[in-house]
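Derivation of every value follows stated rules applied to the coordinates shown; laboratory data play no part. Just so you know, these numbers come straight off a predicted model, no measurement behind them. In this analysis, Cβ positions are derived from the backbone assuming ideal geometry, glycine residues included, and neighbour counts consider all displayed protein chains.
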Amino acid sequence: MTSSKSSLEGGLVELSEEQQAVVATVREFVEREVFPVAEELEARDEFPEKIVEQMRELGLFGLTVPEEHGGAGLDLLTYALVGVELSRGWMSLSGILNTHFMAVYLLKKHGNDEQRQRWLPKMASGGLRAALSMSEPGAGSDVQSIQCRAVREGDHYVVNGTKMWVTNGLRAGLVVLLCKTDPEAKPAHKGMSLLFVEKEPGANTFEGITIPPNIEKMGYHGVETTELVFENHRVPARNLLGSEGDGFRQVMDAIEVGRVNVAARAVGLATRAFEEAIRYAQQRQAFGKPIAQHQMIQEKLADMATKLEAARLMMLQAAKKKSAGERSDLEAGMAKYFCTEACHEIVTEALRVHGGYGYSAEYTIERLYRDAPFLLIGEGTSEIQKLVIARQLLERYKIEG
Ligand SMILES: Cc1cc2nc3c(=O)[nH]c(=O)nc-3n(C[C@H](O)[C@H](O)[C@H](O)COP(=O)(O)OP(=O)(O)OC[C@H]3O[C@@H](n4cnc5c(N)ncnc54)[C@H](O)[C@@H]3O)c2cc1C
């Protein structure tokens with residue numbers, strides 16, 4: 001399918017010439033370099049070294065890093081649009097970028113000058129890549145119940161605990177780690193802090209950090225997801241972000257960036273599913289005509305495209321709000337919830353349009369169908385998004401008495 005027809009363009013958010021140029025460049029790169037190899041790379045479940053190198057050359061790791069630190073200084077909206085294009089090719093590529101961008105966001109917003117100067121230039125080039133680690137074996141949605149502990153000893157913190165589901169956990173040189181510096185604090189979030197952990201990228205053991213073999217997943221291959229086991233790992237106290245006790249607030253701020261990214265991924269994935277379905281529907285014959293000529297298939301295509309357009313507009317609005325530097329629990333939560341559920345429905349319908357062939361690994365839709373469920377879970381499940389949305393609504397519409 002040609003790039004001019006590759007996605008439905010939303011009209012509510014005006015894109016600058018620069019944003020349009022970035023999107024066009026990434027779209028062309030994805031169609032040329034990613035489309036032909038995505039199925040093979042997904043099946044091999046190997047890290048896509050060559051494509052990541054090309055992404056570095058394109059400057060994608062530095063997209064939102066300020067120009068003074070060697071990046072392009074672009075906003076979250078541009079980043080979201082890039083996430084759509086990458087996910088249209090292969091969702092794993094946007095996973096390689098997302099935790100990196102959340103770390104950049106945290107450094108820009110909550111870091112000090114010394115921290116920014118130390119890490120941002122290397123992050124801009126992609127020479128240093130970042131992971132973000134909140135979840136644990138016993139705590140995902142309930143972030144405040146994490147157990148990972150950091151104890152201050154002189155000018156270091158000594159970290160102990162096990163983290164779970166760390167995207168980019170092996171190859172990251174920098175891990176933004178959520179831990180407890182005061183486990184007795186009430187409420188619990190006041191005892192949580194973010195530490196920037198520096199480690200050797202690609203090493204399974206490093207100074208008190210052990211990384212077991214990658215977690216095997218249903219889809220979302222190529223990008224590694226790992227545990228991180230800390231045993232008396234020492235982190236310099238200067239790697240603390242802000243002050244002790246700020247961690248929960250900081251990470252909830254950054255997770256809105258992640259939610260916009262996941263919404264963008266969902267739009268990219270759903271766009272590809274729709275494209276695959278509308279093409280297949282015109283090629284496949286049943287009862288003497290292309291299945292696209294049967295009304296029930298047309299109904300599916302109409303529903304898919306309508307949901308996709310709504311998702312795209314919600315994602316753009318949320319990205320625009322967060323780009324303006326505001327907290328956007330409500331918009332990011334709604335976009336994450338709606339776009340990922342819509343994506344799941346669109347991908348399922350696209351699979352049905354393919355009939356039996358949709359179940360064959362020879363067709364792209366099979367890969368999309370395995371990737372889509374992750375979006376319902378990562379950066380907070382749909383159930384958690386609904387709680388976030390409802391909490392905001394009840395605050396906004398609070399009545400007295
Ligand atoms: C491939 C992958 C990559 C990931 N990458 C990262 C990463 O890089 N960094 C990171 O920190 N984490 C990461 N995660 C973890 C992810 O954020 C968590 O899986 C997610 O937040 C859900 O947590 P959980 O798996 O512990 O589920 P649980 O919290 O145990 O939830 C189980 C079920 O209960 C529901 N539930 C929980 N609480 C409530 C409630 N109050 N009301 C109603 N329903 C509720 C949930 O919605 C869900 O349906 C990743 C996960 C996956 C699968």
| query | Quick one: if you take sqrt(5λ) for each eigenvalue of the C-alpha gyration tensor of the chain, what semi-axes come out, biggest first, whole angstrom? | reply | 36, 23, 20
| request: Would you mind counting up the charge near Arg259? Only other residues with Cβ under 15 Å from its Cβ, with Lys and Arg at +1 and Asp and Glu at -1. | output: 0
| said: If you filter the range 336-401 for GluC sites (Glu not before Pro), then keep DSSP loop positions with at most 13 other Cβ within 10 Å, what is left? | reply: Glu362, Glu400
| In the structure shown, do any of Lys163/Lys307; Lys122/Lys320; Lys108/Lys300 have a Cα-Cα gap over 32 Å, and if so which? | Lys163/Lys307; Lys108/Lys300
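Calculate for the chain the 222 nm mean residue ellipticity that helices alone would give, adding -39,500 (n - 2.57) per DSSP H run of length 4 or more and normalising by residue count, nearest 500 deg cm²/dmol. The partial results should precede the final answer.
Values: 11 runs with 194 residues, N = 401.
Helix contribution divided over all residues of the chain: -16500 deg cm²/dmol.
From the Cα gyration tensor of the range 191-263, with a ≥ b ≥ c the square roots of its eigenvalues, which class applies: rounded if a/c is under 1.5, or else prolate if a/b is larger than b/c, or else oblate?
Taking the square roots of the gyration eigenvalues as a ≥ b ≥ c, the range 191-263 is oblate.
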| said: Return the Rg/Rh ratio of the range 88-172 with Cα-based radii and a Kirkwood Rh. | reply: 1.01
| query | Over all distinct alpha-carbon pairs, what is the Kirkwood Rh of the range 148-212 in angstrom? | reply | 12.7
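Normalised by the residues of the chain, what does the relative contact order come to in percent, with Cα pairs under 8 Å and at least six apart? Could you put the intermediate results ahead of the total?
Numbers: 741 pairs, mean separation 66.3, N = 401.
With pairs under 8 Å counted, the relative contact order is 17 percent.
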| field | Unpaired by the 4.7 Å Cβ criterion, cysteines found in the chain | value | Cys339, Cys343
| In a shell of Cβ-Cβ distance under 15 Å around Ala188, excluding Ala188 itself, what net charge do Lys and Arg (+1) and Asp and Glu (-1) give? | -1
| said: Can you pull out the trypsin sites (Lys or Arg not before Pro) in the range 112-141 whose DSSP state is coil and whose Cβ has at most 12 other Cβ atoms within 10 Å? | reply: none
| task | Please sort by residue number the trypsin sites (Lys or Arg not before Pro) in the range 311-383 whose DSSP state is loop and whose Cβ has at most 15 other Cβ atoms within 10 Å. | result | Arg327
| said: Test of understanding: given the chain, find the longest segment containing no chymotrypsin sites (Phe, Trp or Tyr not before Pro) that are in a DSSP loop and have at most 16 other Cβ atoms within 10 Å. | reply: 1-286
| note | The summed charge of the Lys320 Cβ neighbourhood (under 13 Å; Lys/Arg +1, Asp/Glu -1) stands at -2
